[in-house]
1. Mind checking whether some residue in the stretch 84-103 is touching a residue at least 60 places away in the same chain (Cβ under 8 Å) and either closer than 18 Å to Ser21 by Cβ or assigned by TED's automatic domain parsing to the domain that holds Leu22 (or both)?
2. Checking Asp459 against (1) closer than 24 Å to Arg183 by Cα; (2) modelled with pLDDT of 75 or more: exactly one of these is not met. Which one?
3. Being without any contact (Cβ under 8 Å) to a residue 40 or more places away in the chain, assigned by TED's automatic domain parsing to the domain that holds Ala182 and not basic (Lys, Arg) narrows it down to one of Glu264, Glu296, Glu244, so name that one.
4. List pairs: first in the stretch 424-443 and free of Cβ contacts under 8 Å to residues at least 60 places away in the same chain and farther than 25 Å from Met385 by Cβ, second of a type outside the set (Gly, Ala, Ser) and outside any helix (DSSP H, G or I), Cβ under 8 Å, 6+ apart or cross-chain?
5. Thr47 passes all but one of (1) part of a loop (DSSP other than H, G, I, E, B); (2) more than 25 Å from Leu188 (Cα to Cα); (3) touching a residue at least 60 places away in the same chain (Cβ under 8 Å); (4) not hydrophobic (A, V, I, L, M, F, W, C); which number fails?
6. Just checking, which of Val59, Val78, Val69 is under 18 Å from Thr32 (Cβ atoms) and assigned to a helix (DSSP H, G or I)?
Amino acid sequence: MLARILVVDDEPDMLHLLKRSLEPELGCRIDTTASAQTAIQMLSQTTYDLLLADIKMPVMSGLELLAIVKNDMPDLTVVMMTAYGHVEMAVEAMKQGAYDFITKPFEHEALIIRLQKALERGELIRENTRLQRVCSGDSTFQNLVGKSRTMQRLYETIQMVAATNLTVLITGPSGSGKDLTARAVHSLSQRNKRPFVAVNCPTIPENILESELFGYKKGAFTHATHDRTGLFQEAHTGTMFLDEIGDVSPAIQTKLLRVLQEKEVKPLGDTKPVKVDVRIIASTNQPLKEKIKQGEFREDFYYRLNVLPIELPALKDHSEDIPLIANHLLDKHCVKMDKPLKRLSSDLLRIFMNMSWEGNVREMENLIMRGILFSAADEIRPRDMGLDEKNQAPMIYGAGVTDAPYRQAKEQTLKAFNHTYIGDLLSMHKGNVTQAARQCGLERQALQQIIKRYGINADLYRS
């Protein structure tokens, strides 16, 4: 991949000269701007290997730009340019974090050598960071777990995407960590101190979704008794995560396309649009290109979303991470469920390594929560999760309780069934009891009574 350099100088002739001379010599791509303010915006949207900036500029000086860059992107290599009579300023710049400075007028060969060394320094920093992460033994990255090459590539992609301000589309099978990935992108971005607003699109009926997203004015419809701010306005200057975007209707897609194009929303019942500064991250487990062919998903909306794609692997595609993920989830949920720390038996880990994991990490998480609940000892065995040690298939509810009296065995079987069935429902709907009740055909109050009776904690399933 070509190195990318941003050159900032208020003299257009100098920008033209540097771009024309440096690109062929360094074999890199040169972007230019005459404004430090514009440079800040460009740095927030694109990952650069080197910043070359003049010290003396109007409005915002190179030193002011350097201070902002070193605060927000401390690892970015910065080289300052200065006229011969202002070397003292250049020395001050190096004290503030600049890697080097060069004086005008340039000696071409010396300039090339200095910039090559600056690019090498940036490459060494990136490689050192990567090696430290690999060698440190730390298997987590922004709550994602894994040390395989597949996961290392994912972490690198997330970091590159987070450094920009562009729209992101996260794809991957259900339970593979799309929500965690979206939060990682936001957490590593320059918007990380701003709102992160997540919307699980399939769980909100279409007639409500529009008003939730865009808001409404008093009197817009029958029960609109007051103005309501939409989620896009709540996410202003931050990030909006549209989870499972493949499930929204073409009508909602059209309105979201307008937001992406115009950077504005129009509350229901309002005549004036409202400008919003929101980065959109969307996710789906559906084949959107197939839905486009079937007329269920707008092609122009797809290409507006798919600016920066992140594809998550299925668990079976990085099976070497299974022990790490399983133990991470075990420790996490022992603490959340206020249970003593336990360990996974070797037989259970062997079974885990050979399972197909169609539900990916979410399926594993549900099994481990079940194992914590039903294991009597400090070691969790396959049978504690309802797994058959011989054929690895789920056992029939109640297997292994025939040594107990009938009533006790019945209660144990019902408890196991409800924890498994309702746990899977709550996991699917991220702890939303109303949506889980609708899915299984029960009234919300009835499901709540079952949850209470069997000591199921819906909060454990919330993101």
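1. No, the conditions are met nowhere in the stretch 84-103.
2. Among (1) closer than 24 Å to Arg183 by Cα; (2) modelled with pLDDT of 75 or more, the lone unmet condition for Asp459 is (2).
3. Among Glu264, Glu296, Glu244, only Glu264 is without any contact (Cβ under 8 Å) to a residue 40 or more places away in the chain, assigned by TED's automatic domain parsing to the domain that holds Ala182 and not basic (Lys, Arg).
4. Ala437/Glu443
5. Every condition holds for Thr47 apart from (2).
6. The conditions single out Val69.
The values are calculated or read from the model by the stated rules, or taken from the named source; none is laboratory data. This structure is a prediction, so every number in the text was calculated from the model and none was measured. Cβ coordinates were reconstructed from backbone atoms using ideal geometry, including for glycine residues, and neighbour counts include every protein chain displayed.
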